[in-house]
Structure formats: C-alpha cells, structure tokens
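Any read-out appearing in this document is the output of simple, stated calculations on the displayed coordinates, not a laboratory observation. Bear in mind the structure is a predicted one, so any value in this text is a computation, not a measurement. Every residue, glycine as well, gets a Cβ built from its backbone with ideal geometry; the counts of neighbours run over all protein chains shown.
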Amino acid sequence: MVRISHDLADLDFETTSRLLRESYWGRSRTDAINKRAFAHSVCAAAILDGKQVGFARASGDRSVFARISDVIVWPDHRGRGVGKALVSALLEHPELRTVSTWMLNTGDAHGLYERFGFRRVTDGNEMRLDRQI
C-alpha cells in the first residue's frame, strides 16, 4: 500500500524534478524553479516499499484558494491508484481543509480529477495569463 508523506525530507528531489522537466507541462523549468515551487507548496510524495513513486503539490493561500499542480506518477506505477491517493491527500490535508476554491490544469487526466468533483470550467469567468519567462 502506498504511503503519502508531506515531509520534503522524504522527497527524491532529483527524480521528481527530472520527471517534471520531461513532462509536457514542466519542460521549461529548472531544478531551481522546482525547488522554490516545492518550498512554497504543500507537497505530497507517494512512497511504496521505501521508494518514492509519485508526487503532487498544492499552492495558494491555504485558507480559501488552492491550485493542484505537478501530479506525476512514476511510469512503472501508473494505473495503480497512486494519482488518486496523491490528490486525496492534498484535498484532505489539515492546512487545506478550509479551502473552498480548488483549481488545476490538465491536458490528459480529466477523468482522475472528475472523480473528486472537479469539472471543466466553461462559464467564461476563469481567466489566465501565460507569461514567457
């Protein structure tokens, strides 16, 4: 059974950062950017038999707004509920219990998030700014 840790000391930073840099959403990041993002987020590492097999994080004000980002499961462990465990751990985290507005962006995992009640935003109120850095 997978164990979720919120302790950054349990994080295999090199593997996590490398896999994120190989993802379609994290290609432009550096290790320094990932390190800073993790330090300013509630992170969740999925641990199985003493080794990390997944990662996710939530950023925001920890009171009323949070954004789930960087949900990634190591390739050999996909399809085994690790992603669900990570998302659930963030939604249930004690520092995030009062959050009423959750957001995320995905290009390929809509079904995972819809299980938790997320829906595609179509009301035209959500706005986004993408800056080239």
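Checking each residue of segment 92-103 against the condition of being under 20 Å from Met1 (Cβ atoms), touching a residue at least 12 places away in the same chain (Cβ under 8 Å) and not polar (S, T, N, Q) gives at least one match. With the requirement that a residue be among the charged types (D, E, K, R) and either part of a loop (DSSP other than H, G, I, E, B) or in contact with a strand residue (DSSP E or B) (Cβ under 7 Å, 6 or more places away or on another chain) (or both), what does segment 1-19 give you? Of everything in segment 1-19, those that are among the charged types (D, E, K, R) and either part of a loop (DSSP other than H, G, I, E, B) or in contact with a strand residue (DSSP E or B) (Cβ under 7 Å, 6 or more places away or on another chain) (or both) turn out to be Arg3, Asp7, Asp10, Asp12. Of everything in segment 79-94, what is touching a strand residue (DSSP E or B) at 6+ places or on another chain (Cβ under 9 Å), surrounded by 13 or more Cβ atoms within 10 Å (Cβ to Cβ) and not polar (S, T, N, Q)? Give them in sequence order. Passing the criteria: Arg80, Val82, Gly83, Ala85, Leu86, Val87, Ala89, Leu90, Leu91, His93. Kindly indicate whether any position in segment 114-131 is under 17 Å from the mean Cα position of the chain (by Cα) and of a type in the set (Ser, Thr, Tyr). Looking for residues that are under 17 Å from the mean Cα position of the chain (by Cα) and of a type in the set (Ser, Thr, Tyr), one finds none in segment 114-131, hence no.
Filter segment 45-68 down to the residues that are in contact with a Lys or Arg (Cβ under 7 Å, 6 or more places away or on another chain) and either at negative phi or touching a residue at least 60 places away in the same chain (Cβ under 8 Å) (or both) and list them by number.
Ile47, Ala58, Ser59, listed by residue number.
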